[in-house]
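Values quoted throughout were computed directly from the atomic coordinates according to the rules given, and no laboratory measurement underlies them. Keep in mind it's a predicted model, so treat the numbers as computed, not measured. Here the Cβ positions follow ideal geometry from the backbone for every residue, glycine too, while neighbour counts run over all protein chains shown.
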Amino acid sequence: MREISLDEVTRIVKESLIKINYELDNSLVTMLKKAKDKEKSELSKSILDDILTNQELARQGNSPLCQDTGVAVVFAEIGQDVYYNGPLDEAINRGVRQAYDEGYLRKSVVKHPFDRQNTQDNTPAILHTKVIPGDKLILKIASKGAGSENMSKVVMLTPNAGIEGVKKLVLDTVFDAGGRPCPPIIVGIGIGGNFEKSALIAKEAILRDLNDESSDPIIRNLERELYDEINRLGVGPMGVGGETTCLAVKINTYPMHIASLPVAINIQCHSARHIEVTL
Amino acid sequence: MIHLKTPIDVSRLKELTVGDKVLISGTIYTARDQAHMRLIEDENPAFDLEGSVIYYVGPTPARPGQVIGSSGPTSAYRMDSLATPLMKRGVKIMIGKGNRSEAFRKSMVENNAIYMIATGGAGALLSSKIKSSKVLMYEDLGTEAIYELVVDEFPCFVAYDLHGNQIFKGGTS
Ligand code: SF4
């Protein structure tokens, strides 16, 4: 058994959330620069230029990248040989509380669907746990804004819909969302599992490294085809038309019932704020 | 590049067409969902709605020494059904992001008002155009309170104009 200090967990969660809200991932910045060079109209170029200047300013530390600093989403992969001297979820929420306070981030969580009272500290985090072999703790930490999350969906297709059915659903979803999720977007797709599993693997898909591709040849091909077809929709930066609607398409799959083909589409805006840390 | 000063001179709105880049200077007011609901019922708001500019934003808290925190636009469609009563009372420009409903667009034209977008997710850049900020109404709403902002050359793009055009590719209303 290895003991991981809960204070260390709190510190990592806090520092990670602050960092991702001020510093955009470098490979994302490179992709945005390439996207800007590809645009033909002054308008879409100028929007991508704003996004690039914005991340330079945010990096100086005076203002977060976006005013919607989101809900904290944490995937904790917990080694089965790890011991904690107390509740892990509380240590994580303590880190969230400290980050949103000390990092001057917006508290955007309300307690109840109808009375809408703010919890005042951006907790609780949305916490997903998984037990893994070994004595490590892997934390995937994200700040997820509502603009793109609100354009996401789960649809229960039937198996005969096939690849074409999935493609049509994804293209329609991205087109109908238009400028609202702050394109250029990253599209996370979960295919398989059941109703809730598809959503979970779609969320994990948007946390994948921006440059990786699926190791499954059929899925890799689908990722590439959807990337091209989404960009041919012409939605463009902030929906004003243009060459780049999505920066990446990531698909995760899971085995499913013989009668089901669940598909979840989780949309991530260009302000993709997440990080992975191993303790 | 077009410059507009607040309060907005209605006669200038006709010159605008979709895609125009507009720099707004003067005083503008923030309002999101909750503030809209209250403002509609409020007979004595603390500012003059005639010729006013409403910015859909809920900023992050200001760091010490800063005027305001990150201040980019929020999705405008959530305010579609709340916008008409305010346009009837004189609101002339609304700034947000993303597509809005057809019903909103029609009402906007009837009321001689304009919808503009600012770059979403560019809150650090946009906050650098805000020169002063104070909470004006509904302080209990926190980030959703109405702030009075003095802006200098705040960059927007015309998304819906008075001639019936709209800028967006894709997006259902
Ligand atoms: S969709 Fe993303 S970039 Fe746009 S306002 Fe929301 S969090 Fe910010």
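Here are some notes:
- Kirkwood Rh, angstrom, chain A [1 / mean 1/r, Cα pairs]: 19.6 Å
- Sites listed here are chymotrypsin sites (Phe, Trp or Tyr not before Pro) in region A:76-114 whose DSSP assignment is loop and whose Cβ has at most 11 other Cβ atoms within 10 Å: A:F114.
- Springs join every pair of Cα atoms under 10 Å in this Gaussian network model of chain B, and among B:F157, B:F104, B:F47 the largest mean-square fluctuation is at B:F47.
- Test item: A:66-76 mean partner chain Cβ contacts at 10 Å: 4
- Of B:M137, B:M37, B:M94, the one that fluctuates the most in a GNM where chain B has Cα springs shorter than 10 Å: B:M37
- Relative contact order of chain B: 31 percent, from C-alpha pairs under 8 Å at least 6 residues apart in sequence.
- Prolate/oblate/rounded call for region B:37-173, Cα gyration tensor, a/c under 1.5 rounded: oblate
- Convex hull volume per residue in cubic angstrom - Cα atoms of region B:1-114: 119 Å³
- Most to least packed among B:158-166, B:8-16 [average Cβ atoms within 10 Å]: B:158-166, B:8-16
- Counting only other chain Cβ atoms within 10 Å of each residue's Cβ, the peptide A:51-58 averages 5.
- Value of relative contact order over chain A, rounded to a whole percent, pairs C-alpha under 8 Å and six or more apart: 25 percent
- Near-label residues of region A:172-203 by backbone N, under 20 Å of a point 7 Å along Cα→Cβ of A:A259: A:192-198
- Cα gyration tensor, region A:147-272 - rounded (a/c under 1.5), prolate or oblate: prolate
- Mean residue ellipticity (222 nm) of chain A, computed from DSSP H runs ≥ 4 via -39,500 (n - 2.57), nearest 500: -13000 deg cm²/dmol
- Per-residue mean of C-beta atoms belonging to partner chains within 10 Å, peptide A:97-108: 3
- Around A:Y100: net Lys/Arg minus Asp/Glu count, Cβ-Cβ under 14 Å: +4
- Centre separation in Å (Cα based) which lies between region A:74-149 and region B:65-120: 33 Å
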